[in-house]
Each structure stands twice: as structure tokens, then as C-alpha cells.
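Values quoted throughout were computed directly from the atomic coordinates according to the rules given, and no laboratory measurement underlies them. All values reported here derive from a predicted model rather than from experimental measurement. So basically every Cβ, Gly included, is an ideal-geometry build from the backbone, and we count neighbours across all protein chains shown.
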């Protein structure tokens, strides 16, 4: 996966944005003007790498674990992304952190896509065939859909920008969230129709048709629950069918931990899309953030959520070992969480330089071969955004809601749990019982992959769940208005009244 895209990213990330740095110098001598850059297919290949690079900001990549700090899973001791402000209820249009970053960086990525598409449409060179044009367009529209899903799921109504902006149209009003959703699915349908049919893991780091299908399933699963938490069967049927197709094309990684470690990510048959990094010049501080700083500390209730090996809850199972919480537990616990120190076996031990406020840290994204972790560590682990494990969970959830806990739901969950030698669910569940087990399985399987926040929002249970958290570290306070975040006040101010703040934050 760490192919030519990453190498090019290093040198041209500023391609589209550089002109903004010198507002009075319209043609700076040290930068390539967008209007004169596109002279050949090679130029479009470099520009495509810049579009992929727009996925690398912290909140979309190395910070996915921090986004669990907005939930009942983790505690961001350094207030990464301003998670503390959110969970304490001190959340407003000037909070900053991810409240601003998700908005701003999404539109930066969207701007790169729109510039790429405009120049691709204007380019008449014979070195780009019609099929290559469609492939280019499919890739960047997949990325645009990713960014608009960030905006749709977090803010709701936002500006819908589909062309490069200039002085005459730079101030854009919001459109209804439903219109944004339509554009997301339109972009993804184009990508599904025009991207390579081969699996992502054999596609050299480029998004594949299956990547778009998996993202569309996630988008529709979120949208299906609307503003009340009651799912739309028609949307869930689409989710189910997309997941069925994907489940026939991909295979679970033999080892759970291999999905997240640099040495075993390449050609991993479970990964459907990832944000790629390559040392020494294009790295992310995975090992330092999670292994040395313990910037996202798992909460005790998160650790307690992992079952014992007999499939019964910790504390209920006769296998409960009160002297060692990691004994007789779901193997995913030790592959997700470390207790006080990072331990990969004799000779591969790291003692974090920072305090462990909960006593735990996240081991899921750490690379054993990078020990000792610190400022000089060059971490090139990819951020896994879409994978088969999540798709199986989406299938089980959608099918259970549409048809109840049938044999295919049981099988999907049995197969996922068998990967870590956990027993299948007992027969005889009601639909609601299966619903609760699937939701619990998502929390455990996808811990610190940045999806818990989406789940609490779409199920419309964020209030009851977060306000019930008992912690000596921080007081949780969730209000219903937090189901949608405020637009950054800086953007409201710049718009001169064109961009209107979300109603609950005026």
C-alpha cells in the first residue's frame, strides 16, 4: 500500500493551497500555479497524491483513537481534540479542537477534489484515456464523499461546494443535511461504477470499488437512524446488500493485531481502505501518542466491557480473576489495551514517559519494532478506515433490524468472534437481545477506531450512555444539542451573515 502515492505526497502536499499563503503575490516564484500545473498525465498523478494527502490530518488518521475520548471509551488526558470540553458540556462555537478541525480540514480536502475535477474536465491531452479519466474521478469523488460524511454526521446542515470557489462565490450558505447525503451517495455510486473491481489490498493504495461500497454502507447505516434512533428498513436493506457483496470479496485477517501494525498491513485481506504513511518523510506519531504519552487512556468501563473467554460478562463469569483483569478475557482486550506498560514480550517493553491516568493505554496501533517510543520515533502505520470486521458488524445489525436474528446474523457474529477464539452467541435471542449483543460487539471489536461516537449519535443514545458514566477523572454532561456540533464561529464571522449557525448554538 505504501506506493508512489506517498512518495509524491511528500513534495506536493501544498500544491493547491500554497497560493493562499501570499495573498498579494498572485504568482509566487517559489510555487507552481494551479492554472499552469496540469500539462500531462504525470501532473494529474501528482495532484491525485495531494488529494489523498488531505486525508492525513490528525482527526482523520492518527487521532482516530482520540475520537473515542468523546465517548465512554477513553479519557484524553491532554484534551486532544478538546474532548474534555465536549464530554463536560463546555461545548460552543469557539471551543476549537476537532470542532474546528473537522470542519476546516474537510473543506480543504473538498477544495482539492474540486480543483482536481475542474482541471481534469478542462484537460484535453491524449495521454489520459476515457477510462483513466473515470478512474481519476472515481478516486477523488470517493474522497470527497468521505469528507462530506464527516460534515454530515457531525454538523448536519453545511455548505455543499462542488466547484472551486473564487472571490465572487466564496461565501456559501448551508443546505439541508438531506441534500448533503444525496451528494455523498451520488459520489459513491460513481466511484462504485468506475473504480477497480479488484480488492483494495491488491490495488496499490488506491481506493477500489469495494472501498466505496464499504463507505456507502457506513453512510447509509448512520443515515438510517435519522434524528430519533428508529431505523429506516429500506436504507438498512441497502446496507445489508452492500455488506453481503463485500463479505464475499474479503477475508478476515488471521490475526486481529495484524490489521493495525505496519509490518502486516500490506496486502492484508481484511483492509478495505486506509490512509497511508511512509517513513522517513511521511510519518504520524502513533507510537508516541498512544505508547509513550498515553494521550487516550482507556476507561475502566471500557476494559470491563470485554467478556471472559466463556462469553459471559466480566464479573459474572466464573472465570473472572479479580487479581489480574487480563486473565481469561476476550483476547481482543490484550490486543487493544495495555496495563501500565507496553509489553510485546521479553525485550519488547516500553514504560511510558507520561502518567497513565486510568492505569491503561491503547496498544492497538503500536508497532513492536519501534520500541522505544519517543519524539524521534518514525511511525508509518496506516490508519485503517474501512475493514471487513466492521462490514460484518454492519451486516449483522442491518439484517437483524430488517429480518430479526436469523441464521446469517448468528453466523456473521460467530465468524467474527472465532477469529479470536471467542464462542458463538447462544441460540434463542430475541431481536432486541441480538441488537444489544451486536452493539456490544461493535464497541469491543472497533474500540478506538473512532466509530463509537458515530454509533452513540446514530442510535440516539449518547445522552443516556454518557450521562451515566462514573469517573473520578472527569464529569460527563451531554445535552441533546450535542447530537449536532456548532459550526466554527470563525467561519460564521468570515461569511458576513451568509453562513448561519446551527439553531441550538445561536
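Annotations for the structure displayed:
- From helices alone, the chain scores -12500 deg cm²/dmol at 222 nm; the rule is -39500 (n - 2.57) for each run of n ≥ 4 DSSP H residues, then divide by the residue total.
- Where only C-alpha atoms are counted, convex hull volume of the stretch 142-226 per residue in Å³: 101 Å³
- For the stretch 187-344, the C-alpha radius of gyration sits at 1.28 times the compact-globule guess of 2.2 N^0.38 Å, with N the residue count.
- Degrees separating the helix 388-403 axis from the principal Cα axis of the chain, which is the longest one: 80 degrees
- Considering all different alpha carbon pairs of the stretch 286-369, the Kirkwood hydrodynamic radius works out to 13.2 Å.
- Förster radius 51 Å - calculated FRET efficiency between residue 132 and residue 227 (Cβ-Cβ, nearest 0.05): 0.75
- Global form of the stretch 364-455, assessed from the alpha-carbon gyration tensor, a/c cut-off 1.5: prolate
- Percentage relative contact order, the stretch 101-229, counting C-alpha pairs under 8 Å, at least six apart: 25 percent
- Label-point gap, in nm, between residue 341 and residue 494 - each point 7 angstrom along Cα→Cβ: 4.8 nm
- Alpha-carbon centroid distance for the pair the stretch 171-240 / the stretch 406-451, whole angstrom: 23 Å
- The stretch 286-369, relative contact order in percent, only Cα pairs under 8 angstrom and at least six apart counted: 42 percent
- Degrees, to the nearest 10: 41-53 long Cα axis against longest axis of the chain: 40 degrees
- Dimensions of the stretch 352-506 along the principal axes, based on C-alpha atoms and rounded to the nearest Å, stand at 58, 46, 32, largest first.
- Principal-axis tilt of helix 209-223 within the chain, Cα atoms, nearest 10 degrees: 70 degrees
- Ranked packing of 123-130, 170-177, 79-86, 40-47, most packed first, by mean Cβ within 10 Å: 79-86, 40-47, 170-177, 123-130
- Kirkwood hydrodynamic radius of the stretch 66-120, Cα pairs, Å: 12.6 Å
- Arranged from fewest to most other beta-carbon atoms within 10 Å of their beta carbon, 351, 206 become 351, 206.
- With each label modelled as a point 7 angstrom along the Cα→C-beta vector, the residue 468-residue 334 pair spans 3.1 nm.
- Peptide packing: for 382-393, 273-284, the average count of neighbouring Cβ atoms within 10 Å per residue gives the ranking 382-393, 273-284, highest mean first.
- Its relative contact order, with pairs defined as Cα atoms under 8 Å and 6+ residues apart, puts the chain at 20 percent.
- Convex hull volume of the C-alpha atoms in the chain, normalised per residue: 145 Å³.
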